[in-house]
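The values are calculated or read from the model by the stated rules, or taken from the named source; none is laboratory data. These numbers were taken from a predicted model, which means no experiment stands behind them. With ideal geometry, Cβ positions are generated from the backbone for all residues, glycine too; neighbour counts draw on all protein chains shown. Side chains are part of the model used for accessible areas, which takes the heavy atoms of the whole protein and leaves out ligands, DNA and RNA. Shrake-Rupley method; radii C 1.70, N 1.55, O 1.52, S 1.80 Å.
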Protein chains: 2
Amino acid sequence: MARMEQTGVRTRRRGATLEDALLAAAWAELAKTGYTNFTFDAVAKRANTSRAVLYRRWSSKPKLVRAAIAREIQKDEVVTPDTGSLRGDVIALLTQANGRRVRLAITLLAHLGDYYRATGTSIATLRNSIYGDRESNMETIIERAVARGEVKPGVISDRILRLPLDLFRQQLAMTYAPVPAEEIAGIVDTIFLPLLKAHGAL
Amino acid sequence: MARMEQTGVRTRRRGATLEDALLAAAWAELAKTGYTNFTFDAVAKRANTSRAVLYRRWSSKPKLVRAAIAREIQKDEVVTPDTGSLRGDVIALLTQANGRRVRLAITLLAHLGDYYRATGTSIATLRNSIYGDRESNMETIIERAVARGEVKPGVISDRILRLPLDLFRQQLAMTYAPVPAEEIAGIVDTIFLPLLKAHGAL
DNA sequence: CCGTTAAGGTACACGGTGTATCTTAACGAG
DNA sequence: CTCGTTAAGATACACCGTGTACCTTAACGG
């Protein structure tokens, strides 16, 4: 700020400030029009600059998109819930994933195919960057439940551990919409907890 | 055939014959280059014709792609397995899905994102066309198990019914590869059947 | 204060889209 | 078998987004 702005002459942004504005504009375009209709032109216009400025930093559409996504991802932090009960923790974990990252996840899911093709990255890799360490959060949740004496140790297999998040993701990927609260409760109450009981973990 | 083919003059295909050749070429292109790089030009060349012939039938890329997919889908028939046991039936169903349609499913999954963005179609809609009536096959399997007295009627909710296929799809979507036989067995033996027992359905 | 750097603007070649004609082969009614 | 109708196949064109090149001028730093 500060200095001047004499007679409508627009300040010229540089460096990190500019770069951040560019990526913000890119993300906005991505959310608005999607990957397919995403154009450098539109991003440039939205950021009040020209395509040259963009090309100078990101030489192709996938690269720019990836950068915009990366910036968006590192924005919010994942917290392991601690409600005092296994049921509460799992529901909280899914709800948190639902609320915070759905838009992000939806946008990403919509472009995973292309992304995969363009980079050769496995989907699982990208999944981790979307959902952060939720898998390990699940482990933490179980460990706490064991510590409370709520769950018997050593009987929960990997597959069962992944189950709630797998079902959550499945629904998200199928509907491209936030998962309703009652669906989340359903996953936990009619699938996950009964299954733990069946395996004698509760 | 029959008539002639004088001095290298190429026969001019018409109607259904032509249309089938066009869609075959479109599918081949789709499998080769993916949705993003899919062009009318390439399809026309592969089918030894011109873009005009394509545009006359399908006015846009999504429409042509959808038609090509539809043609591919209706090629193979889905059969409800009947092995005499619930476990056998479910495993057979998943194995069948695995063997027959994985390539199709993988190709589609790899391009669904764009497709969705471009057309607004929900993934669930397309899913149904990919996996056919497997969901209703699952119902049939359960009904038979009930008839055999293997399963108690009325306790299996929709969500539980969908569970094996959901997990199967989840894994397919994450790995972009056929699901190994032991994973299929795992889904049935450590998740599905124990869950039925937990709900008192066995 | 002046030289260097990079932002912002403009122009261009290229490739894919979608439309509009034009020709000519295939088909079908008489 | 012939002739009129239909549609296949071939161009051509306007339009748009891409990626590159080049120029100018504002911002920064020694």
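Summary of computed values
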{"read-out": "For the range B:14-73, convex hull volume per residue from C-alpha positions, Å³", "value": "69 Å³"}
{"read-out": "Within 10 Å of each Cβ in B:151-161, the average number of Cβ atoms from other chains", "value": "1"}
{"read-out": "Zone residues, the range B:67-95, relative to B:ALA147, backbone N less than 20 Å from point 7 Å out along Cα-to-Cβ", "value": "B:78-94"}
{"read-out": "Surface accessible to a 1.4 Å probe, B:THR175 within the full protein complex, Å²", "value": "70 Å²"}
{"read-out": "Estimated FRET transfer efficiency when R0 is 25 angstrom, pair A:GLN74-A:ARG51 (beta carbons, to 0.05)", "value": "0.45"}
{"read-out": "Solvent exposure, largest accessible area first (probe 1.4 Å, DNA, RNA and ligands not counted), of A:LEU161, A:LEU195", "value": "A:LEU161, A:LEU195"}
{"read-out": "Accessible surface of A:ARG159 - all protein chains present, 1.4 Å probe, nearest 10 Å²", "value": "50 Å²"}
{"read-out": "Probe 1.4 Å - accessible area at A:PHE38, Å² to nearest ten", "value": "10 Å²"}
